[in-house]
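K.L.:
Let me give you the structure first, and then I'll get to my questions.
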């Protein structure tokens with residue numbers, strides 16, 4: 001289902017934090033606190049953006065600028081606004097920030113149990129490139145990467161689990 005009104009993506013400002021925290025709490029088992037958001041956003045190389053629908057914050061992303069890449073630190077859409085193209089619009093905004101000359105890729109780490117997130121990022125062209133053992137307290141993390149330079153990345157033992165055939169059974173709506 002697509003959003004009926006246009007999705008606006010803009011810089012996150014402090015007064016957005018109550019809505020961002022509500023999305024965070026509805027999306028993650030171990031959500032960031034307001035203090036953690038403020039600490040991250042104080043860093044010069046960290047950027048926060050929100051997605052708005054009818055003047056309501058319905059999604060957000062926090063990413064870190066590195067020398068040659070962007071690192072997605074947190075990315076979420078309000079549970080009641082999922083599957084409406086909001087995450088896709090935010091992801092496209094990140095893609096638009098890439099260039100062949102400077103930052104040509106972005107990456108994130110996703111919990112092994114977060115199947116919806118893994119499948120979403122895969123649908124947007126990201127590939128699983130590494131498994132981080134015990135990255136989270138109780139489980140492994142999958143490093144996902146999108147790159148302008150290698151959209152035809154070689155298949156490895158991790159990405160094989162994210163092939164279209166392997167995901168057919170798991171991608172039920």
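K.L.:
Quick test for you: out of 12, 98, 65, 21, pick the one residue that is under 28 Å from residue 147 (Cβ atoms), modelled with pLDDT of 95 or more and over 14 Å from the mean Cα position of the chain (by Cα).
P.N.:
The match here is 12.
K.L.:
Quick check on the stretch 72-83. Is at least one of its residues within 20 Å of residue 22 (Cβ to Cβ), in a strand (DSSP E or B), at pLDDT below 95 and touching a helix residue (DSSP H, G or I) at 6+ places or on another chain (Cβ under 9 Å)?
P.N.:
Within the stretch 72-83, not a single residue is within 20 Å of residue 22 (Cβ to Cβ), in a strand (DSSP E or B), at pLDDT below 95 and touching a helix residue (DSSP H, G or I) at 6+ places or on another chain (Cβ under 9 Å).
For (1) out of contact with any strand residue (DSSP E or B) (no Cβ under 8 Å at 6 or more places or on another chain); (2) crowded, with 18+ Cβ neighbours inside 10 Å, each residue gets a yes or a no:
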{"position": "65", "(1), (2)": "no, no"}
{"position": "80", "(1), (2)": "yes, no"}
{"position": "85", "(1), (2)": "no, no"}
{"position": "90", "(1), (2)": "no, yes"}
{"position": "99", "(1), (2)": "yes, no"}
{"position": "114", "(1), (2)": "yes, yes"}
{"position": "117", "(1), (2)": "no, yes"}
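K.L.:
Would you mind finding the one in 136, 142 that is surrounded by 16 or more Cβ atoms within 10 Å (Cβ to Cβ), part of a loop (DSSP other than H, G, I, E, B) and touching a strand residue (DSSP E or B) at 6+ places or on another chain (Cβ under 6 Å)? Before you say what the answer is, go through the steps one by one.
P.N.:
Numbers: 142 fails: part of a loop (DSSP other than H, G, I, E, B).
Just one listed residue meets the conditions, 136.
K.L.:
If you check every pair at least six apart or on different chains, which have Cβ atoms under 7 Å apart with a residue in the stretch 85-104 that is on the phi < 0 side of the Ramachandran plot and free of Cβ contacts under 8 Å to residues at least 40 places away in the same chain first and a residue that is exposed (fewer than 13 other Cβ atoms within 10 Å of the Cβ) and in a loop (DSSP other than H, G, I, E, B) second?
P.N.:
103/68
K.L.:
Could you tell me whether the stretch 43-59 includes any residue that is on the phi > 0 side of the Ramachandran plot and either loosely packed, with under 13 Cβ neighbours inside 10 Å or free of Cβ contacts under 8 Å to residues at least 12 places away in the same chain (or both)? Before you say what the answer is, go through the steps one by one.
P.N.:
Residues of the stretch 43-59 on the phi > 0 side of the Ramachandran plot: 54-55.
Remaining after also requiring either loosely packed, with under 13 Cβ neighbours inside 10 Å or free of Cβ contacts under 8 Å to residues at least 12 places away in the same chain (or both): 54-55.
Yes.
K.L.:
Could you list, in sequence order, the residues of the stretch 23-49 that are assigned to a helix (DSSP H, G or I) and under 18 Å from residue 117 (Cα atoms)?
P.N.:
If the condition is that a residue be assigned to a helix (DSSP H, G or I) and under 18 Å from residue 117 (Cα atoms), then 23, 24, 25, 26, 27 are the ones that fit.
K.L.:
I want to confirm something. Restricting to the stretch 15-32 and keeping residues that are in contact with a helix residue (DSSP H, G or I) (Cβ under 9 Å, 6 or more places away or on another chain) and without any contact (Cβ under 8 Å) to a residue 12 or more places away in the chain, which single residue is surrounded by the fewest Cβ atoms within 10 Å (Cβ to Cβ)?
P.N.:
18
The values are calculated or read from the model by the stated rules, or taken from the named source; none is laboratory data. Note that this is a predicted model, so its numbers are computed, not measured. Note that each Cβ is placed from the backbone with ideal geometry, even for glycine, and that neighbours are counted across all protein chains shown.
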